[in-house]
Amino acid sequence: MGMTFAEKIFSEKSGKNVCAGEIVYVQPDIIMSHDNAYAVSASFYQLGAKKVKNPERIVLLFDHCTPPSTQQYAINHKKVREFVLEQGIKNFFDIREGICHQILPEKGFVSPGRLILGTDSHTTTYGAFGAFSCGIGRSEMSVIYATGEIWLRVPETMQIKLEGALPPGVYPKDAILYVTGQ
């Protein structure tokens, strides 16, 4: 059997042929944080880091708490703006720009074969564009800010075959939610 989608992308990004279950070091093409970028930047500095490794690969934006609903959110937004200027991050989208998972594809950050990591569980959305994408934690993201890379486990692939026709009123999303629940 040939390589899976994930194995192909992880092989390209790691520079060697890999297989499911293997742990590899990779440099993501794009890393994204939204309003939680303040927590990521704070963790970055706690590591003792001074300068982000690849500012051109970082996309920061505000879309969850906009406009800021509390004084603390406003302070966090201000600190992120300061971090963006200090680190020379050009891919910053301030409030009223849109939703992160809409901005990245529309602005050309998402394309087939890319490896995209974000501090949001819905980062997997970019799979619809042929990219391998997943959500990671804030501390993992701060390490990528500092080093430009991260280790990831090459995911396994599972094939699920559904046969027959869906009854009236049942849609593909209903089927996948059922399968996921099982």
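Tabulated data for the structure shown
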{"read-out": "Filtered residue count, segment 1-35, keeping only those that are of a type in the set (A, V, I, L, M, F, W, C) and open to solvent by less than 40 Å² (accessible area, probe 1.4 Å)", "value": "9"}
{"read-out": "Wholly enclosed strands (runs of 3 or more DSSP E) of segment 58-164 bearing at least 2 residues open to solvent by 40 Å² or more (accessible area, probe 1.4 Å) and in contact with a strand residue (DSSP E or B) (Cβ under 7 Å, 6 or more places away or on another chain)", "value": "150-153"}
{"read-out": "Some residue of segment 16-35 being at negative phi and part of a helix (DSSP H, G or I)", "value": "no"}
{"read-out": "Test: residue in segment 157-178 that is within 28 Å of GLY88 (Cβ to Cβ) and touching a residue at least 12 places away in the same chain (Cβ under 8 Å)", "value": "no"}
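The values are calculated or read from the model by the stated rules, or taken from the named source; none is laboratory data. Computed from a predicted structure; not experimentally measured. We place every Cβ from the backbone using ideal geometry, glycine too, and count neighbours over all the protein chains shown. These accessible areas exclude ligands, DNA and RNA; they are computed on the full protein's heavy atoms, side chains included. Shrake-Rupley method; radii C 1.70, N 1.55, O 1.52, S 1.80 Å.
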